[in-house]
């Protein structure tokens, strides 16, 4: 049952990020922050309590706390929103790419962390040009949609998703991801808003 709820959350977060990530930026990234906090909190809470993924009160308490904290920080602080949105997507994409070429879960995690750090730094230094935001949000949203679908149909479980140990040889999931990512890019570029990306954040960094 926990995998079903996680799959539903992944689908909802992925749909918002993939098709509305650049337009409804602040609310979408707050929702995405809640989803990231949900996953991080479940992992930390489970590790502290010695429980499996979403298999006890410690893990579930961690999900609630993580979701609330990450959502608020992403909504209130521009820099944190960038790190959460771009960094989490970078980790997801890096992990998937490494697993696609046959890397072990441990190696894939290292590649994911490196990709996350690189994209987050680029986004902060460049003040998140809209095109970069569209590319990252569409790709990351597509990944979340595919992951949610895999959870709902039983192809993978939450523990496998969190460790990067995904089933191999099912190329059609990659094809679905590609189609969704391209569709998300096209739809978002047609709805480009005016102004600088950071303008909507109350605590956005000022230009020097």
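Per-residue answers, yes or no, for (1) in contact with a strand residue (DSSP E or B) (Cβ under 8 Å, 6 or more places away or on another chain); (2) surrounded by fewer than 16 Cβ atoms within 10 Å (Cβ to Cβ); (3) not in a helix (DSSP H, G or I):
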site: 40; (1), (2), (3): no, no, no
site: 43; (1), (2), (3): no, no, no
site: 52; (1), (2), (3): no, yes, yes
site: 64; (1), (2), (3): no, yes, no
> If a residue has to be surrounded by fewer than 18 Cβ atoms within 10 Å (Cβ to Cβ), touching a helix residue (DSSP H, G or I) at 6+ places or on another chain (Cβ under 8 Å) and at pLDDT 80 or above to count, how many in segment 150-172 make the cut?
Replying inline: 1
>> Within segment 43-59, take every residue that is at pLDDT below 80 and within 19 Å of the chain's Cα centre (by Cα) and give me the one that is farthest from residue 5 (Cα to Cα).
In response: 43
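Count, please, the residues in segment 60-80 that happen to be modelled with pLDDT under 80 and in contact with a helix residue (DSSP H, G or I) (Cβ under 6 Å, 6 or more places away or on another chain).
The initial filter retains those residues of segment 60-80 that are modelled with pLDDT under 80, namely 74-80.
Of the ones still in play, those that are also in contact with a helix residue (DSSP H, G or I) (Cβ under 6 Å, 6 or more places away or on another chain) are 74-75, 78, 80.
The number of residues fulfilling the criteria is 4.
The values are calculated or read from the model by the stated rules, or taken from the named source; none is laboratory data. If you're wondering where the values come from, they're calculated on a predicted model, not measured in any experiment. No Cβ is skipped: glycine too gets one built from the backbone with ideal geometry, and neighbour counts run over all protein chains shown.
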